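Only one structure is covered here, and it is reproduced in the block below.
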There are 2 protein chains.
Amino acid sequence: MKKLWQVRTDKFTNEQEAIMRSGNVYQIANGYMGYRGTLDEFGPDELVGITLAGIFDRVGNSWREPVNAPNGGFTQVVLDGRAISARTTKIKKHRQCLNLKNALFERETTFLPRGNTLAIKSSRFLSAANPNLAVIQFSLTCDKTANVVIHTGIDFNIWDLNGPHLLKCAAKKQDGTLCVSGVTNEATRRVAVAEAADFDLGKETYSATGKKNLRVIHLQAKAGKTYTFQKFFAVFTDNDQVKSPSESAVRCVNEAKALGYEACLARHNTEWTKKWAACDVKIDGDDEAQLALRFSIFQLLIVAPVNGSANSIPARALSGQVYKGAIFWDTEMFMFPFFLNTYPEKAVELLRYRIKTLDGARRKAQTESVGFRGAFYAWESQETGDEACTYFNIGDPITGRALRTYFRDKQVHISGDIAIAMWEYYKLTGDDSLLLEGGAEVILECARFYFSYAYFKPEKNRYEILDVTGPDEYHERVNNNAFTSMVAKATFEIANATVEYLKRKRPWKLKSLVKKIKIADELPQFIEAAKRLYVPQPDKKTGIIKQFDDYFRLEDATVEAVKARKIHPNEYLGGGQGVAVQTRVIKQADVVMMLNLFKDRFSTAVKKANWEYYEPRTEHGSSLSACAYAMVAAEFGNLDFAYDYFLKTAKIDLEAKYKVYVGTIFMGGSHPAANGGAWMTTVFGFGGVHADENQVAINPRLYKKWGSLQFNLVHRGERFEIKISQSSVEIRAHTSNKSRHKFVVAGKTQIVAPGTSVAVKY
Amino acid sequence: MKKLWQVRTDKFTNEQEAIMRSGNVYQIANGYMGYRGTLDEFGPDELVGITLAGIFDRVGNSWREPVNAPNGGFTQVVLDGRAISARTTKIKKHRQCLNLKNALFERETTFLPRGNTLAIKSSRFLSAANPNLAVIQFSLTCDKTANVVIHTGIDFNIWDLNGPHLLKCAAKKQDGTLCVSGVTNEATRRVAVAEAADFDLGKETYSATGKKNLRVIHLQAKAGKTYTFQKFFAVFTDNDQVKSPSESAVRCVNEAKALGYEACLARHNTEWTKKWAACDVKIDGDDEAQLALRFSIFQLLIVAPVNGSANSIPARALSGQVYKGAIFWDTEMFMFPFFLNTYPEKAVELLRYRIKTLDGARRKAQTESVGFRGAFYAWESQETGDEACTYFNIGDPITGRALRTYFRDKQVHISGDIAIAMWEYYKLTGDDSLLLEGGAEVILECARFYFSYAYFKPEKNRYEILDVTGPDEYHERVNNNAFTSMVAKATFEIANATVEYLKRKRPWKLKSLVKKIKIADELPQFIEAAKRLYVPQPDKKTGIIKQFDDYFRLEDATVEAVKARKIHPNEYLGGGQGVAVQTRVIKQADVVMMLNLFKDRFSTAVKKANWEYYEPRTEHGSSLSACAYAMVAAEFGNLDFAYDYFLKTAKIDLEAKYKVYVGTIFMGGSHPAANGGAWMTTVFGFGGVHADENQVAINPRLYKKWGSLQFNLVHRGERFEIKISQSSVEIRAHTSNKSRHKFVVAGKTQIVAPGTSVAVKY
C-alpha cells in the first residue's frame, strides 16, 4: 500500500536536466509557496527555488515573474575540510522520497568521502497548518571519527529566470535567529525569511558572506553516532499584510521551534488527512494508474491557494518562475472542476482571484487593438490581472528574431472560460455568494466584452466572432473558431441567466449592479447575441465541425510530415511561418475540447466523428490536449485510447515527456492542468459523472483493468462517496448532509438521503 | 533634338544581368507581342523573348505564364568557320539604339574575328500597322574577303521561366518560307511563326536541327562590300481566330515581303506619328526629364492593347514572363489615366478586358475563403480573370520554405479600383457605351462583393472592411485599411450613381441588368453602405490618417533600421515574419495613394501632414510608390521632392534600380505602372490637371527648371493641347472639336471653343 502513496527513487542522476526534472517531481508546496525537490546542500546551479504565490516582480524589460524567496532550508556539511555534495562527492547510496499522504520530502544519502562514510538524512515539509512555515529535520552519521562542520541557515543566492528580484538584501542574526530580508525591484514589496534551528551539537559561529546567512557548527563526530537537528524557516512578504515581514518571520520560526518538529508535523498531518479524505480517488487493480492519479491530485492539493488569499494556480504551479508564474485559462478549464467537485473552498479562491483582477481585465479590453468594452481576461495573468504576455512571446531559433504571437490579443475565449466557471460554481454548489460578491459583475463584463468584439453579418443575419486564436495556438487569427464562438455564446446565455436569477432572487442586487456598470441598455443585446451568434455546426453528412472558417482549405498533412519539415529541433510550429500553420495539424484539442465542455449539446455520434477526424491531426503539443481526447474517447467507448491518454496525462511530470523548449523559451516546470485533466478523465471520463444543478448523472465506463473506482464528490454543498465497480455503482451520502439528492445512474434515478447509501446495478 | 527621341549606348556589357536589363530597356512591342532588346545572334541564354499578349499556358504545377513565341528574328553569321557573337567575338565597336519615335531597334557592331573585321548592322520593328508582323533589315560588311555563312530563320529554343509551353513543335519550309508551329501544353492552342526573307546573296540551303529552322546562305564576301537582306516574320495563334495560324503567318510574311521593308516601315511610321501626335509631352529646358518621360510614354504606347482585343497590360508589360504576365491593379490605377486622357480607344480595351473577365472575378468571389458574392477581381489576372496568384507566392531564402502571402485573398481593393476606372471613363469621356456593354454590371458586382465582404459593427453603427491587405503589402490582414475602405466606399457611391444614371437615361437597360444579376433587393444596401462604411479619417489634431486599425501600435523603426535586420539579402520584408511586418515601415504609398486618388475629399493640409508622416516610413519597395508621393508633394508644393521622385519613376528601367529578386522569385522586367506614374506626375502633378465630368481644372506647379510643359489632353471626347509656362497656361482646342469646354486655370474659368485657343496668366 505504501508504494501507492510515494514517489521515490534510489538513484541520483548528476545531470542538469535530470536535476531540473527531479526538482519538479519532488517539489512540495502549501499554496503559499513551493519548494523544489532539491537537496539540502544545493544552490542556484541546481535550480533550488522557493517560489511564492501571488507576488511578482519585473526587472527592466525582462518578463515579469513570481518572486523566489531566499532558501532557508540550506544545509551544507563539510567533512575533514571537504564540502559534501551529491554533485561532487562519491555516493554509495541515495534514496529520495516524496510522501503524497502528507507532502513530506525525504532524502537519505550515504557519501563516500575520502576514507570515511557519511550518511545524511533529512526530511522537510511546508506546513499545511501554517502557510508561512517550513520545517526540516536533518541528521548525519559518520562511520569513522571526523571533523564535521555544518553550515546551515539561509542561502540568498537565488535562482531567478529574469532576476534579481530582491534588492537590498540584508542578512541579520538576532538571538540565534537568522533573517534575510529584501525588497522587490519594481514595487518595493518586502520579502523576509527567518530561520531558527534547534541545535546542541557543538560550537556555533556565524558567517554572512557569499550571500549566505549561516550558522557554522564545528563538531567532532564520533564513529557511528547520529547527530540530528531541526530547522524552521518562515517566509513573510508585504502580501501578508503584517507590519514587518521580518519580525513576523522571526516570531513564526521561534514559535515553531518552541513547538518542535514533531508537533509541527502532527498539525501538518491533520490538515493533510482532511485533504485526502475529501479528495482521494481509489483505483482498485491498477497500481500504475493509482499512483499516477494520486500524484496528480497531490499536485493540485499542494498548490491550492491559501484560504482567503484570492490567489489562483499558475500554469506551472509553484514549481518555479516558468511561464511567468502566470495564471492561464488552464485553471478554470482544467483545475477548477477538481476543486469544484471535491474541495469547493479552494474553487472559491480561484474565482475570487478573477473577481479581484476584474479591473485588470477591463483595462486590457480598453487597451488592446482598437479598444473594447467589458472584461478581456489576460492570457497570462499575475496579481493585478493585467496582461503579462508580450506580443512577441516566443523566439525563433532559426533567425534569432522574436516572433509576433497572438496569444495575448486574440485568445479571447479566456473571458468566457471564466464566466462559465463562475456560473458552474453557482450551479453545482447552489451558493450564490460569489455571484453577489463580484461574480455576476464578472459575467456581465465578459458578455459585454464579447458583444463589443463581435461583428454582425447582415446577409447571414448573425453575429460572428472574428480574428481569434482558439485553444489550438498553431492557427492564429482565425474566424469563427468553434470553441471560442461556443464559449462566447455560452457567456451570453450565462449573462442572461444571471440577470434572470438576480431579477428573481436578488432584485436589489441586480439593480445596483446594473447601475454601477451602466449596462441596462446592453442587456437586450446579450439576449439577441445568445440567439444569433454563429457557432460552426456539425456537417450534416459527416458530423464534422469546422475548427474555423478556412480550416478545410489547409493542407491535410500528417503530424509526422509536418514535424519532419522542421529545420531546428526547438522551432515553434506556430507563429507567422511555423510549419503547422498552413496545415490541418493542430496543437491541441480544440473542437474536441468544445465537445467535451459542452457535452450536453452534441450527440455521441458527433463527438465520435470529430474525435476520429481531429485526433490523428493533433500534435498534442500542449499538456491540455490528451485529457480532452481521453474524456471524449471514454464517452463514445474507446476506452483503450482513453486509458492510454489518461496515463499520458497523469504521468506527464513523472515521466517527464514534455517539451522543455518552445522556440527559445525554457518551459520546464510542473503541469497542474494535466493533473486536473487526469482527475477529470477518471471521474468524468471513466466514472461518467456529469452533474448539473438538478442532479448527478453517472454513466460508468470503467476501464477493464479496474476492479473498482472510488471517489468523493461534493454536490450542492453536500458530500458523497461513490464507488463504481464493473457492474454496480454505490453512492454513500455523508451523515452531515442535510438534503436528499437525485442521482441518475445509467439512466436509473436514485434519491439519496443523508447518511444513507444506495447501490445500483448497471 | 534627336537625342530626345533615342535611347542608345555605345557599349556592350557581356554580363548576364546587364544583358537581362538591356533586354528590357531596348525591347520593342506593338501590343500584340513584345520583342526583348537582344541581338540578332542571341538565343535563350541571352533571354531572347517574344512574349505574346493574352495567351497563357501552364506546365504542371509551375506558374501559369504568357507564351513566348519562337524567334523568327534570329540571324547568326559564321565567318571563316567561326560563329560571330557579341558574347564570344572580340568587339571593336558596338552601338545600339532604340528610336522612340517609331519603336525601331537598331544595332551596329564591328567585330574583330581573327584577322578580319566584320560589321553587322540591323534594324527591326514590330509593325504598328499589322500587329502580327515583325520586319528586320540586316547587313554585313567584311574588311577582307571571307567565307561567310549566314544562318537565319526561326530559333525555337525558347526562353521560358516555367516552360516549355509549346509542344509538338514542327519546323517546315514551303516555297522558301519557313514556319514553326506548336501547340500550348494546357489548352492546345496553336502558335505559329513564319519567316520570309528577301535574299539574293548566295547559295541557300536549309537546316532544321537543334530546334532551329534556318536558311543557310554561303557567301564569298568581298572586302568592303556590304551585303543586305530583309526578313519578315509573323506570329499567329488561335487567339487570332484564324483557320490556320501557320497559313495565316505564311500569308502575312509573304505579303510583307512583297511589299518590302521600306513600305512596311512607312506604314508603321504613319501609325507612330499618330500615336505621338496624341500622346507626346514636351518639357522645355530639361532634356533629362524630357527623355525619361518620353521613354515612359513610349513604354505605354508599345504595349497598348491591339484595338478590339480586349486585352490589358501586364505588370511587366510584354518584357517577358515575369509576374506570370498577369494584369494587376497597376493597370487601372497607374496606366489607365494616361490612356484615358490621351488615347481613350486604348483605355476602352483595358476596361473591356475587365468586362471580359467578370465571370472569373465572380468565380473567385465564390471560391475564396467562406465564399462571397459579386466580383472579386484577381490580384494576378490572366485571360479568364481567374486568380493566377498562389497562396504561397514568395519563397523564403532563409528557410527555403514557401511563404503564405495574402496578395490573393486579402487584397480586395482591386475590385473597387476597377469600378473607379470604369466610372472615370464614363465621367471623363461622356461615353456610356462601356457601362451599357458590361461596365455597369462590373460596377454593381464589385459593390455586391464589398457588401458581402463587409461586417456591421452595431455599437459603432457602421460597416467595416476587415482583414485586408492594402497597397502596402508588408502589412497583411489588417482591419479598416484607409485605402481599401475608401475604395470600397467609392464603389458603393459609384454603384449608386450608376443606378441613378441608368434609371434616368437607360431605364430599360437598368431593368434588364437588375433582372439578369438579381440585384434588386441589394440596391438599398449599397445606399446604406455608402453612408455607413467606416473610412479612417484624419486625426483632428495632427491630420494624420491611420493606415489601418493597429498601425500606430507597431514599432516606429526607420527604414534603414528595418533593412539592417535582414539576414539574407533577398529576404522578403513582408509575409509571416518579415522584418517590416511588426514595424511602421511600409512598402509603398498607401494612405498617400488614397489621398491622391481621392484628392477632392481631403485638404492640402491633410495631404501634407500624411505625406510628411508616411514618406520617411516608406521603403518604396514597389515601383508604384514614388509617383504617388511625387504627385502629392507637387500638390502641396514640395516640388524638389516631386521632381526627384518623378525622375526616379520615369527612369526606373533606364537606370535599372529595381529589385531583381524578392524572396526567391525573379522579378526582372519593365515597369509600365511606373511609366504611367511618370506621365501622371508630369500632367497631374506639375501640370496640376484635374478633370471631372464638368470641367478641366489646371493649377500649374511647374518645376523651376522647366521653361514650359506641353501636352495633349482628351476631354469628353475632344482634343486639346495645353502649354504651361512659368506664368501662363495656353489651351488650344482642336479644330475637329464640336463643343465648348470649361477650363478653370488657377481659379479662373475659361470656355474654350473648337479651333480656338486661350491663354491665361497665373
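The values are calculated or read from the model by the stated rules, or taken from the named source; none is laboratory data. Quantities reported herein were computed from a predicted structural model and do not represent experimental measurements. Here the Cβ is made from the backbone with ideal geometry for all residues, glycine too, and neighbour counts use every protein chain on show. Surface areas here come from the heavy atoms of the whole protein model, side chains and all, with no ligands, DNA or RNA. Shrake-Rupley method; radii C 1.70, N 1.55, O 1.52, S 1.80 Å.
If amide hydrogens are placed 1.01 Å from N in the peptide plane, which non-local residues have theirs closer than 5 Å to the one on B:THR117?
Close amide H contacts, sequence-distant or interchain: B:ASP143, B:LYS144.
Taking beta carbons within 10 Å but only from partner chains, what does the mean come to for residues A:377-387?
Counting other chains' Cβ atoms within 10 Å and averaging over A:377-387 gives 0.
If you place +1 on the Cβ of every Lys and Arg and -1 on the Cβ of every Asp and Glu, how big does the dipole about the Cα centre of the range B:5-108 come out, in debye to the nearest 20?
300
Using a probe radius of 1.4 Å on protein heavy atoms only, what is the accessible area buried between chains B and A, both sides summed, to the nearest 100 Å²? Mind dumping the intermediate values first?
Details: alone 28310 and 28300 Å², together 53270 Å².
Rounded to the nearest hundred, the buried surface is 3300 Å².
Towards the positive end of the charge dipole of the protein assembly as shown, with charges on Cβ (+1 Lys, Arg; -1 Asp, Glu), say which of A:ALA86, B:ASN254, A:ASN213 has the farthest Cα.
Going by the charge dipole, the pick is B:ASN254.
Express in Å², to the nearest 10, the accessible area of B:CYS169 obtained by rolling a 1.4 Å probe over the protein heavy atoms while all chains stay in place.
Counting only protein heavy atoms, B:CYS169 exposes about 50 Å² to solvent.
From the label point of B:ASN147, set 7 Å along Cα to the beta carbon, how far off in nm is each other copy's matching point, shortest first?
Ordered by distance, the counterparts are at 10.7 nm.
Taking amide H positions as placed 1.01 Å from N in the peptide plane, with prolines and chain starts having none, which residues 5 or more places from B:ARG462, or on another chain, fall under 5 Å of its amide H?
B:LYS457
Tell me, rounded to the nearest percent, the portion of alpha carbon pairs in the protein assembly as shown spaced more than 50 Å apart.
When every Cα pair of the protein assembly as shown is considered, 48 percent fall beyond 50 Å.
Lys/Arg Cβ at +1, Asp/Glu Cβ at -1, dipole of the protein assembly as shown taken about the Cα centre: which of A:ALA128, B:LEU47, A:ILE724 is farthest positive-ward?
Selected residue: A:ILE724.
Could you grab the relative contact order for chain B? Cα pairs under 8 Å, six or more apart, rounded to a whole percent.
11
Translational diffusion coefficient of the range A:497-551 at 4 °C, 1.567 mPa s, Stokes-Einstein with Kirkwood Rh over Cα pairs, in µm²/s as a whole number.
It diffuses with D of about 92 µm²/s by this estimate.
Give the separation of the Cα centroids, the range A:1-41 to the range B:398-435, in Å.
Between the Cα centres of the range A:1-41 and the range B:398-435 lies a distance of 64 Å.
Give me the distance between the Cα centres of the range A:438-476 and the range A:101-143, rounded to whole Å.
A separation of 53 Å, based on Cα centres.
Using all alpha carbons of the range A:703-762, what is the percent of pairwise distances in each 10 Å bin, ordered from the shortest bin to the longest?
Taking every Cα pair in the range A:703-762, the percentages come to 24, 54, 20, 2.
Per residue, how many Å² of accessible area does the range B:319-435 show with a 1.4 Å probe?
22
What are the lysines whose alpha-carbon lies under 16 Å from the alpha-carbon of B:LYS3, with same-chain residues fewer than 8 places away excluded?
B:LYS101, B:LYS282, B:LYS651
Distance cut-off 19 Å, Cα to Cα: go down the list A:LYS531/B:LYS457; A:LYS566/A:LYS648; B:LYS172/B:LYS211; A:LYS531/A:LYS608 and report the pairs above it.
Pairs exceeding the cut-off: A:LYS566/A:LYS648; A:LYS531/A:LYS608.
For Cα pairs less than 8 Å apart in space and 6+ apart in sequence, what is the mean separation divided by the residue count of the range A:608-762, i.e. the relative contact order in percent?
Computed value for the range A:608-762: 15 percent relative contact order.
Report in % the part of the accessible area of chain B that belongs to carbon and sulfur, leaving out ligands and nucleic acids; probe 1.4 Å.
It is 49 percent, rounded to a whole number.
How large is the helix-only mean residue ellipticity at 222 nm for chain A, computed as the sum of -39500 (n - 2.57) over DSSP H runs with n ≥ 4, divided by its residue count, in deg cm²/dmol to the nearest 500?
Here the helix-only value at 222 nm equals -9500 deg cm²/dmol.
About its Cα centre, what dipole magnitude does the protein assembly as shown give when the only charges are +1 on Lys and Arg Cβ and -1 on Asp and Glu Cβ, stated in debye to the nearest 20?
500
Need one value: the accessible area of B:TYR551 in square angstrom, 1.4 angstrom probe, rounded to the nearest 10.
For B:TYR551, solvent-accessible area is about 0 Å².
So how far, in whole Å, is the C-alpha centre of the range B:674-718 from the one of the range B:574-650?
Cα centroid of the range B:674-718 versus Cα centroid of the range B:574-650: 19 Å apart.
Ignoring ligands, DNA and RNA, how do A:SER22, B:SER381 rank by accessible area with a 1.4 Å probe, largest first?
A:SER22, B:SER381
Cross-link partners among lysines for A:LYS515, C-alpha distance below 21 Å, same-chain residues fewer than 8 apart left out?
A:LYS356, A:LYS503, A:LYS505
Heavy-atom accessible area per residue, the range B:440-555, 1.4 Å probe: how many Å²? Don't skip to the end; give the middle numbers.
Details: 4550 Å² over 116 residues.
Solvent-accessible surface per residue comes out at 39 Å².
Considering only protein heavy atoms, what per residue accessible area in square angstrom results for the range B:115-163 with a 1.4 angstrom probe?
28
Do any trypsin sites (Lys or Arg not before Pro) in the range B:96-130 lie in a loop, going by DSSP, with at most 10 other beta-carbon atoms within 10 Å of their beta carbon, and if so which?
Values: sites: B:LYS101, B:ARG107, B:ARG114, B:LYS121, B:ARG124; in loops: B:LYS101, B:ARG114.
Answer in residue order: B:ARG114.
Extent of chain A along each principal axis, from alpha carbon coordinates, in Å, largest to smallest?
Projected onto the principal axes, the Cα atoms of chain A cover 88, 59, 59 Å.
Only loop residues by DSSP count here, and only those with at most 13 other Cβ atoms within 10 Å; note down the GluC sites (Glu not before Pro) in the range A:1-107 that meet that.
A:GLU15
Using protein chains only and a probe of 1.4 angstrom, how many square angstrom of A:HIS475 are accessible, to the nearest 10?
A:HIS475 exposes around 10 Å² with every protein chain in place.
Treating only the Cβ atoms of Lys and Arg (+1) and Asp and Glu (-1) as charged, compute the dipole magnitude of the range B:495-586 about its Cα centre; round to the nearest 20 debye. Don't jump to the answer; show the numbers that get you there.
On the way: 19 positive and 11 negative charges, 186 e Å.
Result for the range B:495-586 is approximately 900 debye, rounded to the nearest 20.
Enumerate the calculated ³J(HN,Hα) couplings along the range A:518-528 in order (Karplus 6.51 cos²θ - 1.76 cosθ + 1.60, θ = phi - 60°), each rounded to whole Hz, writing x wherever the residue is Gly or Pro.
Result, ordered by residue: 6, 10, 3, 5, 8, 4, x, 4, 5, 5, 4 Hz.
Mind checking which of B:ALA378, B:PHE295, B:THR237 is farthest towards the positive end of chain B's charge dipole, using Cβ charges of +1 (Lys, Arg) and -1 (Asp, Glu) about the Cα centre?
Of the listed residues, the answer is B:PHE295.
Here is the link list: A:LYS410/A:LYS460; B:LYS2/B:LYS427; B:LYS460/B:LYS541. Which ones come out longer than 30 Å on Cα distance?
Values: A:LYS410/A:LYS460 24 Å; B:LYS2/B:LYS427 38 Å; B:LYS460/B:LYS541 22 Å.
Cα-Cα > 30 Å for B:LYS2/B:LYS427; rest within.
Sorted by accessible area with a 1.4 angstrom probe, largest first, how do B:SER622, B:SER485 fall?
Descending accessible area places them as B:SER622, B:SER485.
For the range B:230-330, rounded, prolate or oblate, judged on the Cα gyration tensor with a ≥ b ≥ c (square roots of eigenvalues), a/c < 1.5 rounded, else prolate if a/b > b/c?
Note, shape of the range B:230-330 comes out oblate.
Evaluate the relative contact order of the range A:1-143 (contact order divided by residue number), counting alpha-carbon pairs under 8 angstrom at least 6 apart; express in whole percent. Can you show the working numbers first?
On the way: 275 pairs, mean separation 30.7, N = 143.
Taking the mean separation of contacting Cα pairs over the length of the range A:1-143, I get 21 percent.
Ranked by accessible surface with a 1.4 Å probe, highest first, in what order do A:GLU522, B:GLU612 come? Walk me through the intermediate numbers first.
On the way: A:GLU522 25, B:GLU612 95 Å².
These residues rank, largest area first, as B:GLU612, A:GLU522.
Across the residues of A:678-684, average count of Cβ atoms on other protein chains within 10 Å? Before the final figure, lay out each step's value.
Values: counts 0, 0, 0, 0, 0, 0, 0.
Per residue, the average neighbour count from other chains is 0.
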